[in-house]
Amino acid sequence: MYQPAHFKEDRTEVLHALMRARPLAALITSCGSGLVANHVPVQTLAEPAPLGSIRGHIARANPLWREYAPGSEALAIFQGPDAYISPSLYPSKAETGEVVPTWDYAVVHAHGTLRFINDADWLHGFVAGLTAAHEAARVQPWRIGDAPRKYIEKMLSMIVGFEFSILKLAGKWKVSQNRPPADRLGVIQGLQDSGDADSSEIAAMLAARSR
């Protein structure tokens, strides 16, 4: 990933925070058939230090777990918020006219290796924990125990788990922090006024980097 110094984010805790907030990862692997991309909801763990690990599962029918070469590099991409930036948001537009549109975004690339897991107890514990995490905000959270045991056993037999050992983390926060102060303020105001969630999040990221 192209990473100019002013857009680089390398604090592990910041990268993990985005990975947890946006857990649907694009998992890229190189198999015998070529590059393969799968979109998988995952769990990001702080251990083992220093970069942590990722856990997830795929359908047993997915050939990835059979075709992946053990020890080969894999890439998990976590796409954060993004927003179109109009030149009209820059005060410098009125001064020079020398402005063009751009796109602001935050993204994390996790490089590592995969280990696939077929153990039923591991799968049950992982799925139960992942479900609990995503159901926690609901008034009446659904729990894996709410479904018949035989049904859960059948569903677990149809998936394969994986652990992704993170060997390298790269983050890019391209949020207009390279613009002059007045233009940054214009972007923050314009994005806040737009009212959509991604624009508001980008505005907050830029404000944090402008302080």
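The values are calculated or read from the model by the stated rules, or taken from the named source; none is laboratory data. Keep in mind the model is a prediction, meaning the values are calculated, not measured. Please note: Cβ atoms are built from the backbone with ideal geometry, for glycine as well, and neighbour counts cover all protein chains shown.
Identify, by number, the condition in (1) among the charged types (D, E, K, R); (2) crowded, with 19+ Cβ neighbours inside 10 Å; (3) not in a helix (DSSP H, G or I) that E163 doesn't meet.
Of (1) among the charged types (D, E, K, R); (2) crowded, with 19+ Cβ neighbours inside 10 Å; (3) not in a helix (DSSP H, G or I), only one is false for E163: (2).
Being of a type in the set (A, V, I, L, M) and either touching an Asp or Glu at 6+ places or on another chain (Cβ under 7 Å) or closer than 14 Å to Y90 by Cα (or both) is the filter here, so list the residues in the range 186-202 that pass it.
Correct list: V187, I188, L191, I202.
Counting just the residues of the range 164-211 that are β-branched (V, I, T) and over 17 Å from the mean Cα position of the chain (by Cα), which one comes out nearest to A21 (Cα to Cα)?
If we take residues in the range 164-211 being β-branched (V, I, T) and over 17 Å from the mean Cα position of the chain (by Cα), then I188 is nearest to A21 (Cα to Cα).
Against the condition surrounded by fewer than 11 Cβ atoms within 10 Å (Cβ to Cβ) and at pLDDT 95 or above, how does W122 come out, does it pass?
Taking the combined requirement at face value, the residue does not satisfy it.
Give the range 84-104 a look and list any residue that's surrounded by 21 or more Cβ atoms within 10 Å (Cβ to Cβ) and either outside any loop (DSSP other than H, G, I, E, B) or touching a strand residue (DSSP E or B) at 6+ places or on another chain (Cβ under 9 Å) (or both), or say none.
Across the range 84-104, the qualifying residues are I85, L89, D104.
V107 - would you say it is touching a residue at least 12 places away in the same chain (Cβ under 8 Å), part of a strand (DSSP E or B), surrounded by 17 or more Cβ atoms within 10 Å (Cβ to Cβ) and out of contact with any Asp or Glu (no Cβ under 9 Å at 6 or more places or on another chain)?
no
Kindly provide the set of residues from the range 35-49 that are more than 14 Å from N62 (Cα to Cα) and in contact with a strand residue (DSSP E or B) (Cβ under 6 Å, 6 or more places away or on another chain), ordered by number.
If the condition is that a residue be more than 14 Å from N62 (Cα to Cα) and in contact with a strand residue (DSSP E or B) (Cβ under 6 Å, 6 or more places away or on another chain), then P41, V42, Q43, T44, L45 are the ones that fit.
Please verify whether L156 is in contact with a helix residue (DSSP H, G or I) (Cβ under 7 Å, 6 or more places away or on another chain), within 19 Å of F7 (Cα to Cα) and either of a type in the set (D, E) or modelled with pLDDT of 95 or more (or both), treating the condition exactly as stated.
no
Spot the failing condition for A61; the list is (1) surrounded by 14 or more Cβ atoms within 10 Å (Cβ to Cβ); (2) out of contact with any strand residue (DSSP E or B) (no Cβ under 9 Å at 6 or more places or on another chain), and only one is missed.
Single failed check for A61: (1).
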